[in-house]
1. Can you give me the distance in nm between label points at ALA18 and TYR215, each placed 7 Å from the Cα along the Cα-to-Cβ direction?
2. Checking the cross-link filter: which lysines have an alpha carbon closer than 22 Å to that of LYS476, excluding same-chain neighbours under 8 positions apart?
3. If you restrict to DSSP beta bridges whose two residues both lie in the chain, what percentage is antiparallel, to the nearest 5?
4. Cysteines without a disulfide-compatible partner in the chain, using Cβ under 4.7 Å as the rule?
5. On average, how much accessible surface per residue is there in region 1-91, in Å², for a 1.4 Å probe, leaving out ligands, DNA and RNA?
6. Let me know the shape class of the chain, please: from the alpha-carbon gyration tensor, a ≥ b ≥ c as square roots of the eigenvalues, rounded when a/c is under 1.5, otherwise prolate if a/b is greater than b/c, or oblate.
7. With a 1.4 Å probe and all protein chains left in place, how much of the accessible area of the chain comes from carbon and sulfur atoms, in whole percent?
8. Probe of 1.4 angstrom, ligands and nucleic acids ignored: what's the accessible area per residue over region 122-358, in square angstrom?
Amino acid sequence: MTTQPSIQGLHHDWSSPAVDASLDRIIEEIAQAQSSLTGVRGPDPDRAEAARLQFEHFGEIRGRGLFYPLMGAGLGRGALVELIDGSVKYDFITGVGVNAFGHGDLDLIRTAMVASMGDVVMQGNLQCNLDAAEFAALLLDAAASPSGRLKHCFLANSGALANENALKICMQHTDAAPRVLTFEHCFAGRTTAMAQIGDSAGGRQGLAANLDVDYLPFFDEADPEGSTSRTVAAMDEAVRRYPSQHSCFMMELVQGEGGFNAAPREFFLPLLERARAAGIPIWFDEVQSFGRTEDPFRFQTLDLEDHADVVTLGKLSQVCATLYTEELNPKPGLLSATFIGSTAAFQVGRRMIERLRSTASYGPDGRHAQLHASFRRLAGELVERLPDAFPSLRNPGTPAKPSEVVGGVGGMMRLTPHGGDGARIKSLLHRLFEVGVIAFSCGHGPFHLRFLPPIGVLEEHDLVEVLGLVGDVLEKGD
Ligand SMILES: Cc1ncc(COP(=O)(O)O)c(C=O)c1O
């Protein structure tokens, strides 16, 4: 492939003393407004009723209410967000990982303002600006490995569409092999095909089964060797039963919706070797994990670069993408779409990725690893202080060890109170929301408290505050 050509002089340059001074003024105003956000705050009685009517009305329009009365007022600062009822809360789920620099980051607002001066709001596959080319090159650079396997990047406006593109690429490469091999508890998005892959009955109820999927058990931390050999045996069986019928082996290297389940290299390696031997393309779905673990991609931390045929990413990146090898580059006509993303999404996404890469976020001692270690330490203290709230999952009736109920990787943080009971976790989430913590659940049983905090701007004191509030609510009881 040719080396990245210079973009010097190709972008319209909006900077001028007048523009810069105007942007400075606006940023000052925003900072001034943000200074009112100093911590958690309850609803404003003068706004509460109007906000309640908005939720009710929006629920009627949508056909169902939102999980939480969660609607931003448009003002935020770091992990703190103001909602339309005037309350201020810690956002520790960030739109399921989209807003990785939290709320109102002034550098990103400035980037978006400059982007908004551009000639178009949305960019697509027929007419894109330089932003698309720069963005795709940046993603390939972030995924680069000495073997240089991932050569192509096709952009898309959602994780599900990036995944659809990945599936099409794999199917075409395998002459329309009809089956998909994946792991139990995976999630892939909500198109009709992705709903078949995702291991959730609710996601595909009432839909025609348009894809055959074989599920392998995921890694079990309590039994590393046993679970690895059971999964290897299940894979051998699936490949024996359906020779040459798998279009891909698709996997999240850290499962997101399925429970922030991580696995070591040793678990994946024999499976990936078998897929390679059977000619099954390997697809890493990093839509949820991209950017927030100890490397830009989880496959880099696990040193699995040489096994990646296709990689998908999204959420934090603002614009989603499918990366793939030269060998899998599909024939013309297979991939396209009207929209790729907005000009602001391109420029803000690029800025976020560049900031993460240039601010010591990555590596075993990087910010993400350190913040995760702080989370584990603080959450572990909570588990030891409140044994009744944290029963063991393996030995019911005894208190859990912190390592059993505190988990995840990097900016994917998980805590498992109440033995992972789904109804109790749901009720806990609503009580946390009331005291000012926005979190979500993951897992299919056990269920967990899921945190995707704004990792790009998160500080240890945010973790102290949030885990303090979790502790207060757990102490009060159901
Ligand atoms: C692993 C994974 N893949 C795909 C998707 C789908 O992404 P989107 O919701 O942007 O379509 C998600 C979303 O949660 C995800 O976690």
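1. Once both label points are built, they end up 6.2 nm from each other.
2. LYS89, LYS401, LYS426
3. Details: 33 of 50 bridges.
Looking only at bridges with both residues in the chain, the antiparallel portion is about 65 percent.
4. CYS128, CYS153, CYS186, CYS320, CYS442
5. Numbers: 6030 Å² over 91 residues.
On a per-residue basis, 66 Å².
6. On the way: a/c = 1.65, a/b = 1.07, b/c = 1.54.
The shape class here is oblate.
7. Details: 11200 of 21130 Å².
On the chain, the fraction of accessible area on carbon and sulfur atoms equals 53 percent.
8. On the way: 9020 Å² over 237 residues.
On a per-residue basis, 38 Å².
The values are calculated or read from the model by the stated rules, or taken from the named source; none is laboratory data. Predicted model only: the values in this text are computed from it and were never measured. Note that we place each Cβ from the backbone using ideal geometry, even for glycine, and neighbour counts take in every protein chain shown. For accessibility, only protein heavy atoms count, side chains too; no ligands or nucleic acids. Shrake-Rupley method; radii C 1.70, N 1.55, O 1.52, S 1.80 Å.
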